[in-house]
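Chemist: Quick one: structure below, then a few questions.
Throughout, read-outs are computed from the coordinates displayed, never taken from laboratory work. Keep in mind that this is a model prediction, so the values were computed, not measured. Note: ideal-geometry Cβ built from the backbone for every residue, glycine included; neighbour counts use all protein chains shown.
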Amino acid sequence: MIDMSSTSKKWGLKQSITLLRILVGWHFLYEGIVKVYNPEWTSFGYLATAQGPFRPIFQAMASEALLPWVDTLNWAALVFVGITLILGIFEKAGALVGAGLLLLYYLAHPSWPGMAQINTEGSYWIVNKNLIEAVVCLVLFYCPTGAVFGLSRFFSKNKANTKTELT
């Protein structure tokens, strides 16, 4: 029988959250890099088909004047979040930016009852992957693990006493 109340000495909560941080960072970095290297990519379709109470704001972002700025800020933020989370440096800032981006994505196409799901992957009811990953980013904000595995560990002034408390 497996005792779920205690963590293994070899693999515990800190290491699991560190792995989660790196995987989420990879997802953000990949999404950003794909947009950078695809000259055909634009957020126009996603923004123009926005739904819900914030529809006018997102559709305004799809205007000819704003779209180049929105596209650039989107991929730059994705790359920033990815790099900070993968490398474990400035991870709190990266996690907040990531949560903010994901909440914007969620609000552009909320999976609320009675709302058609256009330009989304899958069918959801209230909770979708953007909302889940936004909450993961909040966990990463409150439980930074760069001192466990990341550049923060190497730049720490007092390496011997560096601790990341997750309890």
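Chemist: Of the residues VAL136, VAL34, VAL148, which exhibits the maximal mean-square fluctuation in a Gaussian network model of the chain defined by a 10 Å Cα contact cut-off?
Modeler: Top of the fluctuation ranking is VAL34.
Chemist: Tell me, which longest segment in the chain has none of the GluC sites (Glu not before Pro) that fall in DSSP loops with at most 13 further Cβ atoms within 10 Å? Each step should come with its number before you reach the end.
Modeler: Details: sites that count: GLU40, GLU64, GLU121, GLU165.
It runs 65-120.
Chemist: Now a separate question. Mind checking which of ILE89, ILE33, ILE126 has the largest fluctuation in a GNM of the chain, springs on alpha carbons under 10 Å?
Modeler: Top of the fluctuation ranking is ILE126.
Chemist: Can I ask one more? Got a sec to turn the phi values of region 99-115 into Karplus ³J(HN,Hα) couplings, 6.51 cos²θ - 1.76 cosθ + 1.60 with θ = phi - 60°, whole Hz, x for Gly and Pro?
Modeler: Residue by residue, region 99-115 yields 4, x, 4, 5, 5, 5, 4, 5, 5, 5, 9, x, 9, 8, x, x, 9 Hz.
Chemist: Here's something else I'd like to know. Ordered by residue, what ³J(HN,Hα) values in Hz, to whole numbers, does region 33-42 give under the Karplus form 6.51 cos²θ - 1.76 cosθ + 1.60, where θ = phi - 60° and Gly and Pro are x?
Modeler: 5, 4, 6, 4, 8, 10, x, 8, 6, 8
Chemist: If I stretch the segment between LEU19 and THR72 completely, what's the gain in nm (0.36 nm per residue apart, minus their alpha carbon distance), one decimal?
Modeler: Using 0.36 nm per residue and subtracting the Cα-Cα distance, I get 16.2 nm.
Chemist: Tell me, what HN-Hα J-couplings in whole Hz come from the Karplus equation 6.51 cos²θ - 1.76 cosθ + 1.60 at θ = phi - 60° for each residue of region 123-137, using x for Gly and Pro?
Modeler: These are the phi-based 3J(HN,Hα) values: 10, 10, 9, 6, 9, 10, 5, 5, 5, 5, 5, 5, 5, 4, 4 Hz.
Chemist: Describe numerically, in nm with one decimal, the distance between label points set 7 Å from Cα along Cα→Cβ at TRP26 and at PHE154.
Modeler: Calculated label separation equals 2.0 nm.
Chemist: Per DSSP H run of at least 4 residues, take -39500 (n - 2.57); add these up for the chain, divide by its residues and hand me the 222 nm value, nearest 500 deg cm²/dmol.
Modeler: -18000 deg cm²/dmol, from helical runs alone.
Chemist: So what are the radius of gyration and Dmax for the Cα set of region 14-161, in Å?
Modeler: 16.8, 55
Chemist: Measuring from centroid to centroid over Cα atoms, what is the spacing of region 73-117 and region 26-42 in Å?
Modeler: Result: 13 Å between the Cα centres.
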